[in-house]
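See structure below.
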Amino acid sequence: MTIRTQGYATHSATGELSPFSFERRDPRPSDVVIDILYCGICHSDIHSARNEWGWTTYPFIPGHEIIGRVKNVGGKVTKFKAGDLVGVGCLVDSCRTCASCKDGLEQYCENGFTGTYGGEDRIGGTPHPKTFGGYSDKITVDERFVLSIPQNLDAAAAAPLLCAGITTYSPLKHWNIGPGQKVGIIGLGGLGHMGVKFAHAMGAKVVMITTSPEKGEDARKLGADEVLLSTNAQAMEAAQSSFDFLLNTIPVGHDADPYMKLLKRDGTMVVVGAVEPLKQVNGIPFIMGRRSMAGSLIGGLPETQEMLDFCGKYNIVCDIEKIAIRDVNQAYDRTVKGDVKYRFVIDMATLKS
Ligand SMILES: [Zn+2]
Ligand SMILES: [Zn+2]
C-alpha cells in the first residue's frame, strides 16, 4: 500500500506545471505523514523545474517551503502526533553519520544530503526513485527532518521561513550579529527582506543596500535603519570601511569588489544568493583590511528549529502573496521578473478546486 497523492508536476524543461497524481510511501516507523496546507515558491524551484542547473529528471515536482498538519505517524515517532502544525524545508534525509551530520549541519552532509525534491531516496523501496516536493497535498518524511511551527505564526506566511528564512538567519547567527554592529543587507527580494527582519530583531543597525531607489521605503518598513544606493558612487565611497558584516543576497553573478570595500577591517561578506561565478575578485580589499568573503547554505535541522522558535518569539514571518495552484506558472514568470513582495505561497486547498 502507498499513499495516493495529488500535486503539480512539470514534464520537461520548457513545460508548464500541471496536475499530476502519484504515490507517496507509507510511513516507516520513524516517518510522519503530513497533510500539506501551504508551500512557498523559491527561486530554486524555478531553476530546477526548468533544468537550469542541469540535474533535473522528469516528472518533477518542486517545493521545499512546506507547512502542514500531521496526519498520522509511524510507530517509533516521538516528536510529533496527529494534528501538530509542522514544516519541512530543503532536506528530507542525510547520511546521519558524517562529521557535519553529527554536528547537526545536515546541509553540509559529506555524503550528500537528500533534497526534498529531485533527491535520491537513500533507503529505497519507495514508489519513485527521486523525491517529489511540496506542490502536493501530502508528504511522508522522517521525523528528524520535520520541524515544529510555533502556534502564534500565520501558517501561510511561515512557509518561506523553511528556505528563505533559514538561509538568512544561519549566517547572521554564525557570525554573531547583534547590538552595536552595522550590518548591510544587499538586495531586497525573498532572501533580502528576511535578512532585514532578522538583523533588525537581533539588534544590529541595518542598512539596505540596493540598486532601486523605490525599494528604500519598503526596506525601512521591514526594519532597515538606512538605505544605501549601490548605484550612487559618492554614497558608496562615503560608506567605505564602515560595515561589520554584509549579507549578499544578489541571485546572479556580479562584481563583488564595490561591496567588499564597504567592510571594516576584519569584516565579512557572506554570499547566499549567487550560485554561479562572481566576476573576477580583486585581492586588494581582502589584503588591505584583512576582510573576508564567505558563503553559507540554508541551515541544519537544529538551527532551523531554533530559527522557527526565534520567529515565534519575535513574531516574524515572511511578507507573502498567497495564490491558487492553478496560477503557479504565472507566479513563476512574475518571480523571475522580481515582481513579488516578497514570496509567493501556494494555498494547497486550491488543489481540490
Ligand atoms: Zn529554496
Ligand atoms: Zn552526513
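Read-outs throughout are calculated quantities, based only on the coordinates presented, and are distinct from any laboratory measurement. Because the structure is predicted, anything quoted here is derived from the model rather than measured. Using ideal geometry, Cβ is built from the backbone for each residue, glycine included, and neighbour counts are taken over all protein chains shown.
Would you please classify the overall shape of segment 165-295 from the alpha carbon gyration tensor, given that a ≥ b ≥ c denote the square roots of the eigenvalues, rounded means a/c under 1.5, and beyond that prolate means a/b larger than b/c while oblate covers the rest? Write down the numbers at each step before the final one.
On the way: a/c = 1.29, a/b = 1.22, b/c = 1.06.
Rounded, because the longest to shortest axis ratio a/c is under 1.5.
The phi-based Karplus calculation (6.51 cos²θ - 1.76 cosθ + 1.60; θ = phi - 60°) puts the 3J(HN,Hα) values of segment 139-152 at 8, 10, 9, 4, 4, 4, 10, 10, 10, 8, 9, x, 5, 7 Hz, whole numbers, x for Gly and Pro.
If each residue's Cβ is checked for other Cβ atoms within 10 Å, how do 37, 247, 263 rank with the fewest at the top? Show your work: numbers first, answer last.
On the way: 37 20, 247 31, 263 25.
Ascending Cβ contact count within 10 Å gives the list 37, 263, 247.
Close amide H contacts of residue 71 (hydrogens built in the peptide plane, cut-off under 5 Å, sequence separation of 5 or more or a different chain): 33, 34, 35, 83.
When you count the other C-beta atoms within 10 angstrom of each residue and take the mean per peptide, 335-342, 108-115 line up highest first as 108-115, 335-342. Entry note, the chain: relative contact order of 18 percent, from Cα contacts under 8 Å with a spacing of 6+ residues.
Search the structure for amide H atoms under 5 Å from the amide H of residue 254, placed 1.01 Å from N in the peptide plane, and list their residues when 5 or more places away or on another chain. Counting only residues 5 or more places away or on other chains, the set is 279. For residue 102, a cut-off of 23 angstrom between C-alpha atoms picks up these lysines, skipping any fewer than 8 places away in its own chain: 76, 79, 173. Secondary-structure-derived ellipticity at 222 nm for the chain, considering helices only, amounts to -6000 deg cm²/dmol, per-run term -39500 (n - 2.57) for DSSP H runs with n ≥ 4.
Within 14 Å, Cβ to Cβ, of residue 32, how many net charges do the neighbouring residues add up to if Lys/Arg are +1 and Asp/Glu are -1? Don't skip to the end; give the middle numbers.
On the way: positive: 24, 25, 28, 69, 71, 76, 79, 81, 138, 144; negative: 26, 31, 35, 84, 93, 142, 143.
Summing Lys and Arg as +1 and Asp and Glu as -1 gives +3.
Partner aspartates and glutamates whose Cα lies under 12 Å from the Cα of residue 261, excluding those fewer than 8 positions away in the same chain, are identified as 237, 244. Amide H neighbours of residue 104 under 5 Å, counting only residues 5+ apart in sequence or on other chains, H built in-plane at 1.01 Å? Amide H neighbours of residue 104, under 5 Å, 5+ apart: none.
Going by how many other Cβ atoms sit within 10 Å of their own, how do 18, 136, 100, 48 line up, fewest first?
Numbers: 18 13, 136 26, 100 17, 48 22.
Fewest to most other Cβ atoms nearby, the residues stand as 18, 100, 48, 136.
Students often check this: by mean Cβ neighbours within 10 Å, which of 57-68, 22-33 ranks highest, and how do the rest follow? Could you put the intermediate results ahead of the total?
Values: 57-68: 24.8, 22-33: 18.6.
Most protected by this proxy first, the peptides run 57-68, 22-33.
Using the Stokes-Einstein relation with a Kirkwood hydrodynamic radius computed over Cα pairs, the translational diffusion coefficient of the chain at 10 °C and a viscosity of 1.306 mPa s comes to 77 µm²/s. Converting phi to 3J(HN,Hα) with the Karplus coefficients 6.51, -1.76 and 1.60 and the offset θ = phi - 60°, segment 163-175 yields 10, 4, x, 5, 4, 8, 5, 4, x, 4, 6, 4, 9 Hz in sequence order, with x at every glycine or proline. Within the shell of other residues whose beta carbon sits under 15 angstrom from the beta carbon of residue 2, the net charge comes to +1, with Lys and Arg scored +1 and Asp and Glu -1. Across segment 341-353, coupling constants 3J(HN,Hα) worked out from phi with the 6.51/-1.76/1.60 Karplus curve, θ = phi - 60°, read 10, 10, 8, 7, 10, 7, 7, 6, 4, 6, 4, 7, 8 Hz, and Gly and Pro carry x. Please label the shape of segment 1-148 as rounded, prolate or oblate, based on the square roots a ≥ b ≥ c of the eigenvalues of the alpha-carbon gyration tensor (a/c under 1.5 means rounded; beyond that, a/b larger than b/c means prolate, else oblate). Verdict is oblate for segment 1-148. What is segment 150-199 by shape, rounded, prolate or oblate, if you read a ≥ b ≥ c off the alpha carbon gyration tensor as root eigenvalues and call it rounded for a/c under 1.5, prolate for a/b larger than b/c, and oblate otherwise? Prolate, since a/c reaches 1.5 and a/b exceeds b/c. Across segment 1-135, Cα pairs under 8 Å and at least six residues apart give a relative contact order of 23 percent. For segment 120-205, the relative contact order comes to 24 percent (Cα pairs under 8 Å, sequence separation of at least 6).
May I ask you to sort 174, 200 by Cβ crowding, counting other Cβ atoms within 10 Å and putting the fewest first?
On the way: 174 14, 200 19.
Ranking 174, 200 by Cβ neighbours within 10 Å, fewest first, gives 174, 200.
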